[in-house]
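Step one of this worksheet: look at the structure below.
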Amino acid sequence: MTGPDPQTIMQFLFALRSRGVTDARVLAAMEQVDRGRFVRGLFADRAYEDTPLPITCGQTISQPSVVGLMTQALQVRPRDTVLEVGTGSGYQAAILAKLARRVYTVERHKRLVRETGQLFRDLGLTNVTAMLSDGSFGLPEQAPFDRIIVTAAAEDPPGPLLAQLKIGGIMVLPVGQSDAVQTLIRVRRTEEGLDYDELLPVRFVPLLEGLGKDEV
Ligand code: SAH
């Protein structure tokens, strides 16, 4: 399978930089992960535009510049273990896999878990695992985490996720009403407690309870 041509990649990276994605490691990871592999069907030829696009199960692959800004805010280090809540297309997880030692990504739709698991294998990404679970509860069996990223919006940071963050750890997540514009926030766990930073307005699908009612 051929990737995008060099000019398309240049334009893709230019759009990221112009929206504030300046971290060299993040840009390199986003250059390596071909977004075209994570978008199928009708929208495949729009994969390199800086826009969210529909995927299966009524979900969306996030806007590349938002993926870049969230990844940058997460400050992932090479030896980190990262949890992502909301696998969706697997695009964000694949970028994290280029930056971290180990990535776990959880998703409530079985079909998305199956499809992204296959895609990670096809792409030779061996340090990322997609799992079926309600991510509001985190992933206690692999906790604690150096970094946690949530790509669906909750009204407040879920308590179990805060509890599964190491001291010195960082979590990035959108918070707010599901039908309104939400705020991307960064939470740092320190020896003393939790520090919160507001980053930018965003719009994500809601973090829902329980597993999806997939037929397959
Ligand atoms: N990170 C994705 C985009 C996420 S869209 C990407 O790179 O493509 C948000 C995803 O969160 C959806 O797939 C949705 O099914 C999932 N989701 C919503 N609530 C969830 C929950 N409680 N646990 C796990 N996944 C959830």
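Can you check what the net charge comes to around LEU69, using other residues whose Cβ is under 12 Å from the Cβ of LEU69 (Lys, Arg +1; Asp, Glu -1)?
Result for the local shell: +1.
If you take the charge dipole of segment 6-202 about its Cα centre, with +1 on Lys and Arg Cβ and -1 on Asp and Glu Cβ, which of LEU69, ALA153, THR183 is farthest toward its positive end?
LEU69
Roughly what % of DSSP beta bridges within segment 6-202 run antiparallel, to the nearest 5?
45
List SER178, SER89 from most exposed to least, where exposure is judged by having the fewest other Cβ atoms within 10 Å.
Taking fewest neighbouring Cβ atoms as first place, the list is SER178, SER89.
How long is segment 22-100 along each principal axis, judged by its Cα atoms, biggest number first, in Å?
Its Cα atoms span 37, 23, 17 Å along the three principal axes.
When N counts the residues of segment 6-202, how does its alpha-carbon radius of gyration compare numerically with 2.2 N^0.38 Å, as a ratio?
0.95
Top mean-square fluctuation among GLY135, GLY58, GLY159, Gaussian network model of the chain, C-alpha springs under 10 Å?
GLY58
Tell me the net charge near VAL106. Cut-off is 10 Å between Cβ atoms, VAL106 excluded, with +1 for each Lys or Arg and -1 for each Asp or Glu.
The answer is -2.
Using Cα-only point scatterers and the Debye equation, what is log10 of I(q)/I(0) for segment 58-131 at each q in 0.20, 0.28 Å⁻¹, rounded to two decimals?
Values, matching the q order: -0.80, -1.41.
Straight-line reach from LYS110: which aspartates and glutamates fall under 19 Å, measuring Cα to Cα and dropping same-chain residues less than 8 apart?
Cross-link targets: GLU84, ASP122, ASP134, GLU209, ASP214, GLU215.
Quick note: the coordinates plus some simple rules give every number you see, no bench work behind them. In this text, all values refer to a predicted model and were calculated from it rather than measured experimentally. Counting neighbours? That spans all protein chains shown, and the Cβs are built from the backbone with ideal geometry, glycine included.
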